[in-house]
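Trainee: This structure is in structure tokens; I'll ask about it shortly.
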Amino acid sequence: GGPASAQFDALDDWTTRPEQGIKYYSGTALYKKTISLPALKPGKKVYLDLGKVNHLATVSVNGKKLGVLWTTPWRIDVSSAVTVGNNLLEIAVTNVWANRLIGDEKQPSDFEWEHGDTRYSDGLFLKEFPGWFLKHEPRPSKERYTFTTWNYFAKETALTPSGLMGPVRIVGEA
């Protein structure tokens, strides 16, 4: 449901965007920026500090994959990849599936949910596989992108903050 591309003028939470394809997006988005670095101090490390990320970030500098960050501190050593002058930063951020499921619940349903035993869980389970699914036909609700047999979410469920929040900084070792 996401757009092929989008330009962000500032780092912000995807769920605050007006575009439905970004607000309810679940998946990976690639952030790119070219930065220029002055002469680096020999033997000193250089770090990329992402500030805050929701939920995973894969970092590449100048085409070199440096690693995956999944918790605080959102900082990675980029010393082996940066050079004096222009450097291409690429940060692939992946969020959780919940927002797409919540967004889909705002669309007309094309299958039935059934309540389970509330002593064990508070979700809904699929009553039966819908005919369109079993017959490999297009689904009737064109704006639904997901299909699952268990649902913990309703259209009123709060969205999970997502994306690269920043601030993103280059930090040199003193």
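Trainee: Any idea how far apart residue 5 and residue 41 come out in nm if each label point goes 7 Å out from Cα toward Cβ?
Mentor: Taking the simple label geometry, residue 5 and residue 41 are separated by 3.9 nm.
Trainee: Report the charge-dipole magnitude of the chain in Debye, nearest 20, computed about the Cα centre from +1 at each Lys and Arg Cβ and -1 at each Asp and Glu Cβ.
Mentor: Working: 21 positive and 19 negative charges, 172 e Å.
Roughly 820 debye, rounded to the nearest 20.
Trainee: Still on this structure: For the range 91-174, max minus min Cα coordinate along each principal axis, in Å, sorted largest first?
Mentor: 63, 36, 19
Trainee: Another question, if that's okay. Can you pull the one-decimal nm distance between simple spin-label points at residue 122 and residue 150, each 7 Å off the Cα toward Cβ?
Mentor: Output for this residue pair reads 1.6 nm.
Trainee: Over the chain, average the accessible area per residue using a 1.4 Å probe and give it in Å², no decimals. List each step's numbers first, then the result.
Mentor: On the way: 10530 Å² over 174 residues.
Accessible area per residue, the chain: 61 Å².
Trainee: Give the residue from 14, 43, 58 lying farthest towards the positive end of the charge dipole for the range 1-67; charges sit on Cβ (+1 for Lys and Arg, -1 for Asp and Glu) and the dipole is referred to the Cα centre.
Mentor: 43
Trainee: Expressed as a rounded percentage, what relative contact order does the range 46-174 have, with Cα pairs under 8 Å and six or more residues apart?
Mentor: Numbers: 216 pairs, mean separation 46.3, N = 129.
Result for the range 46-174 is 36 percent.
Trainee: Can you compute the label reach from residue 174? Point 7 Å from Cα along the Cβ direction, backbone N cut-off under 20 Å, restricted to the range 40-80.
Mentor: 40-51, 73-79
Trainee: Count the lysine pairs in the chain whose Cα atoms lie under 16 Å apart, taking only pairs 8 or more positions apart in sequence or on different chains.
Mentor: Values: 23/106; 23/155; 32/64; 32/65; 33/64; 33/65; 106/142; 106/155.
So the count works out to 8.
Trainee: Further, regarding this structure: How many percent of all Cα-Cα pairs in the chain sit more than 26 Å apart? Write out the running numbers ahead of the final one.
Mentor: Working: 6711 of 15051 pairs.
Distances greater than 26 Å cover 45 percent of the Cα pairs.
Trainee: Carbon and sulfur together cover what percent of the accessible area of the range 1-109 at a 1.4 Å probe radius?
Mentor: Values: 3270 of 6000 Å².
The computed percentage sits at 55.
Trainee: Could I ask something else about it? Measure of size requested: the Rg and Dmax of the range 50-109, with Cα atoms as the atom set and Å as the unit; please supply both.
Mentor: Expressed in Å, the Cα Rg and Dmax of the range 50-109 come to 15.9, 55.
Trainee: Given a Förster distance of 35 Å, report the FRET efficiency between residue 71 and residue 134 from their Cβ-Cβ distance, rounded to the nearest 0.05. Mind dumping the intermediate values first?
Mentor: Values: r = 41 Å, r/R0 = 1.18.
With R0 = 35 Å, the Cβ-Cβ based efficiency is 0.25.
Trainee: For the pair residue 16 and residue 83, what calculated FRET efficiency results from E = 1/(1 + (r/R0)^6), where r is the Cβ-Cβ distance and R0 = 45 Å, to the nearest 0.05? Write down the numbers at each step before the final one.
Mentor: Details: r = 35 Å, r/R0 = 0.79.
Once rounded, the FRET efficiency stands at 0.80.
Trainee: Okay, next question. For the range 127-169, report the % of Cα-Cα distances exceeding 14 Å.
Mentor: Cα-Cα pairs in the range 127-169 separated by more than 14 Å: 69 percent.
Trainee: Test of the criteria: in the range 66-167, which chymotrypsin sites (Phe, Trp or Tyr not before Pro) are in a DSSP loop and have at most 10 other Cβ atoms within 10 angstrom of their Cβ? Mind dumping the intermediate values first?
Mentor: Working: sites: 70, 74, 97, 111, 113, 120, 125, 132, 133, 145, 147, 150, 152, 153; in loops: 70, 74, 97, 111, 120, 145, 147, 152, 153.
In loop regions of the range 66-167 (DSSP not H, G, I, E or B), the sparsely surrounded chymotrypsin sites (Phe, Trp or Tyr not before Pro) are 120.
The values are calculated or read from the model by the stated rules, or taken from the named source; none is laboratory data. Remember, it's a predicted structure, so these values are computed and weren't measured experimentally. Every residue, glycine as well, gets a Cβ built from its backbone with ideal geometry; the counts of neighbours run over all protein chains shown. We work out accessible area using only protein heavy atoms, side chains counted, and drop any ligands, DNA or RNA first. Shrake-Rupley method; radii C 1.70, N 1.55, O 1.52, S 1.80 Å.
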